[in-house]
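K.L.:
After the structure tokens below, expect a handful of questions from me.
The values are calculated or read from the model by the stated rules, or taken from the named source; none is laboratory data. Being a predicted model, the structure only gives us computed values, none of them experimental. For neighbour counting, all protein chains shown are included, and Cβ atoms are generated from backbone atoms with ideal geometry for every residue, glycine included. Keep in mind that these areas ignore ligands, DNA and RNA; they rest on the heavy atoms of the full protein, side chains included. Shrake-Rupley method; radii C 1.70, N 1.55, O 1.52, S 1.80 Å.
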Amino acid sequence: LDAMKEGAYLINNARGKVVDIPALIQALKSKKLAGAAIDVFPREPGANGAGTFNDQLNSWTTELTSLPNVILTPHIGGSTEEAQRAIGFEVSSALTRYLTYGSTMGAVNFPEVDLRAISADQLSFVRICHVHKNEPGVLKKVNAILGNYNVEKQFSDSKTDIAYLMADISGVSDKDVHDLQTQISQTRSNILTRLLS
């Protein structure tokens, strides 16, 4: 802090223990620093709400929060109540898209695959959602199983050792659905196979 220019501003959004907060308070009070913005603290509140960021958590909290030239925010933007609601909606929407359509768009640690929805008038259509080990020959084996059907749409993506194939096929009877699920699930690379109709 001593090496900073007179009247400088300090922003810490890296790690809570990087800045000596009592020394920062003194630098702000003495006008050495013009202001500070902090969203990380040596000890973070364990929950949201009034009174959780207090002197029991950090002995200097009251002194820091009373300074007019300081902006304090939660370290993780997701910690705010609004963000928690938004995250809850986003997660439930993503889960619904996966369960209903097989879509994995927006996934962080899983291949992103999406196909347009099967319409209500496409009665003999089935969507295959096949999660498998990312290894050579999988598509050849799956497409051999699908050989008696018309593959309307197909998309595959991989991320490291996992791959995900979505395929919409037509001309599928109710009996065929069970047979297809069994055959694809029994392939050597299978992790999970779902059929949506």
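K.L.:
Do any GluC sites (Glu not before Pro) in the range 1-103 lie in a loop, going by DSSP, with at most 10 other beta-carbon atoms within 10 Å of their beta carbon, and if so which?
P.N.:
Glu6
K.L.:
If I take the Cα coordinates of the range 131-189 and project them onto the principal axes, what are the three extents in Å, biggest first?
P.N.:
35, 22, 15
K.L.:
Which of His132, His75, His178 moves the most in a Gaussian network model of the chain with Cα springs under 10 Å?
P.N.:
Most flexible of the set in this elastic network: His178.
K.L.:
Keeping all protein chains in place and using 1.4 angstrom, which order do Ile38, Ile87, Ile145 fall into by accessible surface area, from largest down?
P.N.:
If we order Ile38, Ile87, Ile145 from most to least accessible, we get Ile87, Ile145, Ile38.
K.L.:
Need one number for the range 52-197: average projected area of the convex hull over its C-alpha atoms, nm².
P.N.:
Its Cα hull, projected and averaged over all orientations, spans 13.1 nm².
K.L.:
At 1.4 Å probe size, with no ligands or nucleic acids counted, give the accessible surface of Val19 in Å², nearest ten.
P.N.:
For Val19, the solvent-accessible surface is approximately 20 Å².
K.L.:
Kindly provide the helix-only [θ] at 222 nm of the chain, computed as the sum of -39,500 (n - 2.57) over DSSP H runs of four or more divided by all residues, to the nearest 500 deg cm²/dmol?
P.N.:
Details: 5 runs with 55 residues, N = 197.
After summing the helix terms and dividing by the residues of the chain, the value is -8500 deg cm²/dmol.
K.L.:
Evaluate the distance, in nm, between pseudo-label points positioned 7 Å from the Cα of Asn143 and of Leu67 along their respective Cα→Cβ axes.
P.N.:
6.4 nm
K.L.:
Another question, then. Suppose the chain between Ser93 and Met105 were pulled fully straight at 0.36 nm per residue; how much longer would it get relative to their current alpha carbon spacing?
P.N.:
The Ser93-Met105 span can extend by a further 3.2 nm.
K.L.:
Starting from the Cα of Lys17, draw a straight line to each of the lysines and keep only those under 26 Å, dropping any in the same chain fewer than 8 residues away.
P.N.:
Reachable lysines: Lys5, Lys29, Lys31, Lys32.
K.L.:
When averaged across all projection directions, what area in nm² does the alpha-carbon convex hull of the range 1-83 cover?
P.N.:
Values: hull surface 21.5 nm².
The orientation-averaged projected area of the Cα hull of the range 1-83 comes to 5.4 nm².
K.L.:
Express the accessible area of the chain per residue in Å², computed with a 1.4 Å probe while the remaining protein chains stay in the model. Write down the numbers at each step before the final one.
P.N.:
Values: 11880 Å² over 197 residues.
The answer is 60 Å² per residue.
K.L.:
Compute the distance in nm between two label points, each set 7 Å from the Cα along the Cα-to-Cβ direction, one at Ser170 and one at Ala34.
P.N.:
6.7 nm
K.L.:
Quick one: Cα centre-to-centre distance for the range 10-40 and the range 114-139, in angstrom?
P.N.:
54 Å
K.L.:
Using a cut-off of 9 Å between beta-carbons, work out the net charge of the residues near His75 (Lys and Arg +1, Asp and Glu -1, His75 not included).
P.N.:
-2
K.L.:
Further question on the same structure: Round to a whole number: what % of the accessible area of the range 32-102 belongs to carbon and sulfur, probe 1.4 Å?
P.N.:
59 percent
K.L.:
Taking trypsin sites (Lys or Arg not before Pro) that fall in a DSSP loop and have at most 14 other Cβ atoms within 10 Å as cut points, what is the longest piece of the chain between them?
P.N.:
It runs 44-115.
K.L.:
What aspartates and glutamates could a cross-link reach from Lys141, if we take a straight Cα to Cα line under 14 Å and drop same-chain neighbours fewer than 8 places away?
P.N.:
none
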